[in-house]
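Visitor: Sending over a structure as structure tokens; questions will come in a sec.
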Amino acid sequence: MATPNHLGNHDHRSKELPQVLVLEPPPIMKFYGDQFLNDFQLLKAWESPLPLDQFLSIHAQSVKALLTPGRYPLTRNILQLIPSLQLVVTTSAGLNHIDLPEFQRRGIAIASAGDVYSEDVADMAVGLLINVLRKISAADRYVRKGLWDTKAEFPLGSKLCSKRVGIVGLGSIGQEVAKRLQAFGCRVMYTSRNKKPFVSYPYYSNVLELAADSDVLIICCGLTEQTRHMINKDVMLALGKEGVVINIGRGAIIDEKELVQCLVQRELAGAGLDVFENEPHVPRELLAMDNVVLSPHRAVHTPESLTAMCEHVKGNLEAFFSNKPLLSPVMNI
Ligand SMILES: O=CC(=O)O
């Protein structure tokens, strides 16, 4: 295989292929390499010995498409260095790494993960909830530590069926969570920016009222200025001492310091967290709590979802370069 030169070019064929800038490899490339993008010339910034701004200046007037992972901040400063950019394909469902108003101002289209991950993330949300309620991780630790054979009684878990579950954000992930929990016999209700006419779950326009009527809150929305710290102390106190919080959205949707305090002071019964405010930092207090289940932001990733994402990214890039509609355009920017 040809080694890339400082421009990020890979082989002699690449000159004729549409160029796609990649500033940092997205998870699909880490797991599957980049063979699935053989029909494109990938300009890999991280393989260039040049500083990023110099690397970008070489391609600034020509490159039209950028492929990016969810964690790479796409700021006004970066966009200024790539004035020819017309499309960003992000492999994330969340868009909080993107300066959306600046994209809109520049007329740059965005294609997101769409609903490719929704089923896997919903499975994880339900898995975390059952784990917290039935203490599966704690039970595993109890057995491994050899405590079964002793007088240390393992505490009772709590039943999932008939729990009142408040879903925060009824987009495609929230809808998949709702579908699964209905099958478990839960009473599903939700809050969302708007009432969804196609579902019959009770709608709350206010998260505080939703929390007051729920046993469990599952955070499924995106992180925006409106949702940052939306799950604050008042919301957690309204959920109450028997309440459980599950977060598969973004860490900063919950006020993490207050969450820790509520758990320490037993104002909440437990939490299942796939996401954190300052990843990969996890507050130390949480590590010691048996009623908290922790996961390293992996809800979206299964071999199946990553395979689907390879196809999805390819499909979006092919659509763009052949002037067809994107598979998953972000509309409301
Ligand atoms: O968290 C992962 C994503 O937004 O896709």
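Visitor: Using 7 Å Cα-to-Cβ label points, what is the residue 71/residue 105 separation (nm, one decimal)?
Guide: 2.8
Visitor: Tell me the carbon and sulfur percent of the accessible area for region 81-173, rounded to whole percent, probe radius 1.4 Å.
Guide: On the way: 2420 of 4510 Å².
C and S atoms contribute 54 percent here.
Visitor: If you take the beta carbon distance between residue 194 and residue 31 as r and set R0 to 25 Å, what does 1/(1 + (r/R0)^6) give as a FRET efficiency, to the nearest 0.05? Show your work: numbers first, answer last.
Guide: Working: r = 36 Å, r/R0 = 1.44.
Calculated transfer efficiency: 0.10.
Visitor: Any idea what % of Cα-Cα pairs in region 102-240 are farther than 17 Å?
Guide: Values: 6368 of 9591 pairs.
So the portion of pairs separated by more than 17 Å is 66 percent.
Visitor: Exceeding 26 Å between C-alpha atoms, which entries from my cross-link table qualify? They are 195/257; 163/233; 159/241; 64/324; 30/257; 135/233.
Guide: The pairs that break the limit, which is 26 Å between Cα atoms, are 195/257; 30/257.
Visitor: What FRET efficiency do you get for residue 302 and residue 279 if R0 is 22 Å and r is their Cβ-Cβ distance, rounded to the nearest 0.05? Can you show the working numbers first?
Guide: Details: r = 19 Å, r/R0 = 0.88.
Efficiency computed from Cβ-Cβ geometry: 0.70.
Visitor: Pick out which of 64, 241, 151 has the largest mean-square fluctuation in a Gaussian network model of the chain, springs linking Cα atoms closer than 10 Å.
Guide: Fluctuation is largest for 151.
Visitor: How much of the DSSP bridge set in region 65-121 is antiparallel, in percent, rounded to the nearest 5? Each step should come with its number before you reach the end.
Guide: On the way: 0 of 8 bridges.
The antiparallel fraction comes to roughly 0 percent.
Visitor: Further question: Using a 10 Å Cβ count of at most 12 others and DSSP loop calls, identify the longest part of the chain lacking such chymotrypsin sites (Phe, Trp or Tyr not before Pro). Working shown, then result.
Guide: Numbers: sites that count: 148, 198.
Longest run free of exposed loop sites: 1-147.
Visitor: Considering the options 63, 93, 42, tell which one lies farthest towards the positive end of the dipole of region 15-93, charges being +1 on Lys and Arg and -1 on Asp and Glu at the Cβ, about the Cα centre.
Guide: Value computed over the given set: 93.
Visitor: Go ahead and set up a Gaussian network model of the chain, Cα springs under 10 Å, then flag whichever of 224, 90, 150 fluctuates most.
Guide: 150
Visitor: Accessible surface of residue 53 in the full protein assembly, 1.4 angstrom probe, to the nearest 10 Å²?
Guide: Roughly 90 Å² of residue 53 is accessible to a 1.4 Å probe.
Visitor: Another question, then. Taking all protein chains in place and a 1.4 Å probe, what share, in percent, of the accessible surface of region 177-333 do carbon and sulfur account for? Present the calculation step by step, with values, prior to reporting the outcome.
Guide: Details: 4020 of 7990 Å².
About 50 percent, which is the carbon plus sulfur part of the accessible surface.
Visitor: Once you have all Cα-Cα distances for region 28-178, histogram them in 10 Å bins from zero and send the whole-percent values.
Guide: Pairs per bin, as whole percents: 9, 26, 23, 17, 14, 8, 2, 0.
Visitor: Pick out, from 224, 273, 210, the residue whose Cα sits farthest towards the positive end of the charge dipole of the chain, with +1 on the Cβ of Lys and Arg and -1 on the Cβ of Asp and Glu.
Guide: Of the candidates, 210 comes out farthest on the positive side.
Visitor: Can you compute the FRET efficiency between residue 213 and residue 265 using 1/(1 + (r/R0)^6), with r the Cβ-Cβ distance and R0 = 25 Å? Round to the nearest 0.05. It would help to have the intermediate numbers written out before the result.
Guide: Working: r = 22 Å, r/R0 = 0.90.
Once rounded, the FRET efficiency stands at 0.65.
Visitor: Do any GluC sites (Glu not before Pro) in region 139-227 lie in a DSSP loop with no more than 15 other beta carbon atoms within 10 Å, and if so, which? Intermediate results must be reported in sequence, preceding the final value.
Guide: Values: sites: 153, 176, 209, 225; in loops: 153, 225.
Answer in residue order: 153, 225.
Visitor: Quick one: among 299, 122, 60, which has the greatest mean-square fluctuation in a GNM of the chain with alpha-carbon springs under 10 angstrom?
Guide: With Cα springs under 10 Å in the chain, the top fluctuation among 299, 122, 60 is at 60.
Visitor: Against the longest principal axis of the chain, how steep is helix 172-183, in degrees 0 to 90 to the nearest 10, with axes from Cα atoms?
Guide: Once rounded, one gets 30 degrees.
Visitor: What are the radius of gyration and Dmax of region 187-333, computed over its Cα atoms and given in Å?
Guide: That works out to 18.0, 58 Å for Rg and Dmax.
Visitor: Along its three principal axes, how long is the chain when you only count alpha carbons? Whole Å, largest extent first please.
Guide: 70, 49, 33
Visitor: With each label point set 7 Å from Cα along the Cα-Cβ vector, what nm distance links residue 81 and residue 162?
Guide: A separation of 5.9 nm, rounded to one decimal place.
Visitor: Counting heavy atoms of the protein chains only and a 1.4 Å probe, report the per residue accessible area for the chain as a whole number of Å².
Guide: On the way: 16810 Å² over 333 residues.
I get 50 Å² per residue for the chain.
Visitor: Which one, 325, 51, 29, is farthest towards the positive end of the dipole of the chain when Lys and Arg carry +1 and Asp and Glu -1 on their Cβ?
Guide: The residue sitting most towards the positive pole is 325.
The values are calculated or read from the model by the stated rules, or taken from the named source; none is laboratory data. Note that this is a predicted model, so its numbers are computed, not measured. Neighbour counts are summed over all protein chains in view; Cβ atoms, including those assigned to glycine, are modelled from backbone coordinates with ideal geometry. These accessible areas exclude ligands, DNA and RNA; they are computed on the full protein's heavy atoms, side chains included. Shrake-Rupley method; radii C 1.70, N 1.55, O 1.52, S 1.80 Å.
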